[in-house]
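Working notes, structure below.
Readers should treat all values here as calculations from the given coordinates under stated rules, not as data from a laboratory. It should be emphasised that the depicted structure is a prediction, and the values quoted were computed from it without experimental measurement. When we count neighbours, we look across all protein chains shown, and the Cβ atoms used for this are built from the backbone with ideal geometry, even at glycine.
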Amino acid sequence: MQHVDVAVIGAGQAGLSAAYFLQRAGLRAWDDYVVLDGAPAPGGAWQFRWPSLTLETVNGVHDLPGMAFADTLAPDVDPGHVPASSAVPEYYAAYEKHFALPVRRPGRVSVVCDRDETTMRYRVEAEQGDVHARGLINCTGTWEHPFVPRYPGMETFTGRQLHTRDYASAEEFRGEHVVVVGGGISAVQLLDEISRVTTTTWVTRREPVFLERDFTPEVGRAAVAQVEDRVRRGLPPGSVVSVTGLILTPSLREARDRGVLVRRPMFAEVTPDGVRWDDGTSTRADVILWATGFRSALDHLAPLRLRGPGGGITMTGASATRVAARPSVHLIGYGPSASTIGANRAGRTAVRELLQELGET
């Protein structure tokens, strides 16, 4: 049993950022705060990304506070050939070591519950022993909670169904017809890759909107502001892409020129050998790839009853990370702090607000 002031759950971008600011605030590693990480090694969700996602094609790797990502790369590195799944974990490992952050691994958290409702202390049940904490900063992200919608006939499909989380390489689909479902960034990136080696059909619920202009900071801030407004009102966060649209990168422009970005509306049902639309037409498929995103991995917090009737969590605080009903609980990676750059900013404000709540100077 370990007693601390603050337990940080998750050691991705958000968790490491929070740990850094806890250290800067004067808390002692292991004695005053601890980081519990369920991943097998440093790197957060980055270590599980598909190999073809390189530093050139990834959306962006933002620096953690106090150490630049570029400082951990060889000076002659070619970003087009370095997998993000190796480079980013190496960066996070160097960061943990440099700042001597108290990351406990394996430290997967199974459940968090009240130890004492009067003093608002929490019992965090985790690998290698439970932790009692006065405050929580949850940074578990979404990777552990892939979302696949339910459609009639899915159980009858005789081909292969997989989620973005299971994707390894386009080569595994060579010679097969792949139906790609989803309108997010990952969906179009995988569609582009797979279409280079085999035939594809692209399906989305909504008509995709492509950005013909650059994704400027102003566009990003406007999108984050809309997501933040939703969580402050207790609504589910929604997708940032649904607000900003999709960036038409050079590779996607080339895919459009190849006729790949021809979107079809969502099918009505899955058949044993493909999918069928409302008008009765069908398309044969060997594979259905559900690039349908993720949901916040918060099941371990269920005993705290954070969610409202509509499934959302009402958030407050400067960066909208503080749970309104539980001021000693902060969620980084939920809503506006879901981006890597948002996680850094949220880590600073969450630490400041939580220590104020706990009466720490």
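Secondary-structure-derived ellipticity at 222 nm for the chain, considering helices only, amounts to -7000 deg cm²/dmol, per-run term -39500 (n - 2.57) for DSSP H runs with n ≥ 4. Between the amide H of H163 and those of W290, distances stay under 5 Å, these residues lying 5 or more places away or on another chain, with hydrogens modeled in the peptide plane. The long axis of helix 217-232 is offset from the longest Cα principal axis of the chain by roughly 70 degrees.
Computed FRET efficiency, Cβ-Cβ of W30 and R150, R0 45 Å: what is it to the nearest 0.05?
On the way: r = 44 Å, r/R0 = 0.99.
E between W30 and R150, to the nearest 0.05, is 0.50.
Specify whether the C-alpha gyration tensor of segment 225-304 places it in the rounded, prolate or oblate class, a ≥ b ≥ c being the square roots of the eigenvalues: rounded for a/c under 1.5, otherwise prolate if a/b is larger than b/c and oblate if not.
On the way: a/c = 2.49, a/b = 1.44, b/c = 1.73.
Taking the square roots of the gyration eigenvalues as a ≥ b ≥ c, segment 225-304 is oblate.
Report the calculated FRET efficiency for T283 and R232 (r = Cβ-Cβ distance, R0 = 51 Å), to the nearest 0.05.
0.75
Take the Cβ atoms of S86 and T158, set R0 to 41 Å, and the FRET efficiency comes out at 0.70.
Only sites in a loop by DSSP and with at most 16 other Cβ atoms within 10 Å count here; which trypsin sites (Lys or Arg not before Pro) in segment 1-69 make the cut? Can you show the working numbers first?
Details: sites: R24, R28, R49; in loops: R28, R49.
Qualifying residues, ordered by number: R28.
Placing pseudo-labels 7 Å out from each Cα toward the beta carbon at H98 and D114 gives an inter-label distance of 4.2 nm. Label separation (R295 vs E56): 3.8 nm, computed from points 7 Å beyond Cα along the C-beta direction. Taking GluC sites (Glu not before Pro) in DSSP loop states with no more than 13 other Cβ atoms inside 10 Å as exposed sites, the chain has its longest site-free stretch at 213-361. For T271, nonlocal amide neighbours, meaning residues 5 or more places apart or on other chains whose placed amide H falls under 5 Å from its own, are R276.
Suppose every Lys and Arg Cβ carries +1 and every Asp and Glu Cβ carries -1, with no other charges. What dipole size does segment 98-231 come out with about its Cα centre, to the nearest 20 debye? Kindly include the intermediate steps, with their values, before the conclusion.
Working: 17 positive and 20 negative charges, 48 e Å.
Computed about the Cα centre, the dipole is about 220 debye.
Placing a label point 7 Å from the Cα of S169 along the Cα-to-Cβ direction, the residues of segment 185-206 whose backbone N falls under 20 Å of that point are 189-200. Take the Cα of H3, step 7 Å toward its Cβ, do the same at R352, and the gap between the two points is 3.1 nm.
Between the labelled values (i) 30, 57, 13, 0; (ii) 27, 44, 17, 8, 4, 0; (iii) 28, 55, 17, 0, the entry that holds P(r) over Cα pairs in 20 Å bins from 0, in percent as derived from this structure is (iii). In a DSSP loop and with at most 13 other Cβ atoms within 10 Å, the trypsin sites (Lys or Arg not before Pro) in segment 298-333 are R305.
By the gyration tensor of its Cα atoms, with a ≥ b ≥ c the square roots of the eigenvalues, what is the shape of segment 44-164: rounded for a/c under 1.5, prolate for a/b over b/c, or oblate? Mind dumping the intermediate values first?
On the way: a/c = 2.85, a/b = 1.11, b/c = 2.58.
Cα axes put segment 44-164 in the oblate bin.
Taking other C-beta atoms within 10 angstrom as a stand-in for reagent exposure, W290, W30, W50 fall in the order W30, W50, W290, fewest first.
Axis angle, to the nearest 10 degrees, between helix 340-357 and the longest C-alpha principal axis of the chain: 30 degrees.
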